[in-house]
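See below for the structure under consideration.
The values are calculated or read from the model by the stated rules, or taken from the named source; none is laboratory data. Treat the numbers as computed from the prediction; the structure is a model and nothing was measured. Neighbour counts are summed over all protein chains in view; Cβ atoms, including those assigned to glycine, are modelled from backbone coordinates with ideal geometry. Surface areas here come from the heavy atoms of the whole protein model, side chains and all, with no ligands, DNA or RNA. Shrake-Rupley method; radii C 1.70, N 1.55, O 1.52, S 1.80 Å.
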Amino acid sequence: MFGGGGGMNPRKMQQMMEQMGIDVTEIDAEEVVITTADGRELVFSDADVTQMDARGQETYQILGEPEEREATAAVESGGEAADAGEPEIPDDDVEIVVQRTGASPEEARAALKGADGDLATAIDTLE
């Protein structure tokens, strides 16, 4: 065996990886942010990032010391819409339904919400 690969020649290691079909690319990353399910962020500044492509399967390796912080940006951007559970209905879509059906904007918006934002279904419902 190799004994962990600690003493292996980097050139020999590169040749072995090429023979196994593994491409390795260094990524010049300034910052890497990992957002966890519990609302925290692990922020790696000046991290060494390596991308490995092994026959279509991409793997990223991050080396560095993370700084931990609260994920305020993720909570602010997705908090209200995700809690409401309703699709965001663009005003342009409401206007299209109003023009095609002659319905009021309120009726058009309600039809779009009922159709999960699908224009054709909302128009069919009101015609």
The lone condition GLN61 fails out of (1) open to solvent by 70 Å² or more (accessible area, probe 1.4 Å); (2) modelled with pLDDT under 90 is (2)
Only one of (1) open to solvent by 100 Å² or more (accessible area, probe 1.4 Å); (2) at pLDDT below 85 does not apply to ALA73, and that is (1)
Within the stretch 18-46, residues being touching a helix residue (DSSP H, G or I) at 6+ places or on another chain (Cβ under 7 Å) and aliphatic (A, V, I, L, M) number 1
